[in-house]
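Undergrad: My questions will all concern the structure given below.
The values are calculated or read from the model by the stated rules, or taken from the named source; none is laboratory data. In this text the structure is predicted, and so the values were computed from the model without any measurement. Backbone-built Cβ (ideal geometry, glycine too); neighbour counts: all protein chains shown. What goes into the accessible areas is simple: the full protein's heavy atoms, side chains included, and nothing from ligands, DNA or RNA. Shrake-Rupley method; radii C 1.70, N 1.55, O 1.52, S 1.80 Å.
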Amino acid sequence: MLHLMTKLLANVQLLFSMKFFFTISLLLVSLFCFSQKVYSVKYANQADIKVFVVKYENQADLKVYKVKYQNEAGKNDGNWFFVEHQNQADKKIFFVEYENQADLKVYFVSYKNQAGWRNKNKSHLMY
């Protein structure tokens with residue numbers, strides 16, 4: 001009887017640890033998979049990052065593609081999904097008028113495969 005109880009307890013502990021591991025893994029995946037949800041705020045003091053849109057691709061730190069659906073947002077790879085509400089965003093951005101006011105310079109591209117970092121030294125801004 002004692003052997004059966006010990007075995008049952010071991011199985012319960014294993015099941016609990018597997019559920020715990022699965023829950024933690026799911027949380028981590030959800031954090032990293034959708035790190036490019038952005039919201040454009042109205043005032044600079046509300047923003048995490050100030051962004052300037054450049055005229056030419058070679059002036060940009062990051063080439064951005066605006067995806068249509070949230071599940072297409074990338075892992076800090078320039079594929080941005082603009083959310084409707086501030087609390088849905090991972091990063092709040094403010095578009096500045098002058099380049100020297102910006103933390104990050106972006107260029108909007110026409111195709112998803114063109115998106116990406118040109119200046120990887122600034123990639124930490126979007127984590």
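Undergrad: Using only the heavy atoms of the protein chains and a 1.4 Å probe, how would Asp77, Asp48 rank by accessible area, largest first?
TA: Descending order: Asp48, Asp77.
Undergrad: Got a number for the accessible area of Ser110? Probe 1.4 Å, square angstrom, nearest 10.
TA: Surface open to solvent at Ser110 totals about 90 Å².
Undergrad: If you build the Cα gyration tensor of the stretch 54-127 and take the root of 5 times each eigenvalue, what three semi-axes come out, in whole angstrom, biggest first?
TA: Working: eigenvalues 70, 47, 27 Å².
Working through the eigenvalues yields semi-axes of 19, 15, 12 Å.
Undergrad: Roughly how many Å² of Glu72 are accessible to a 1.4 Å probe, to the nearest 10?
TA: Counting only protein heavy atoms, the figure is 60 Å².
Undergrad: Using a cut-off of 15 Å between beta-carbons, work out the net charge of the residues near Asp61 (Lys and Arg +1, Asp and Glu -1, Asp61 not included).
TA: Net charge in that neighbourhood comes out at +4.
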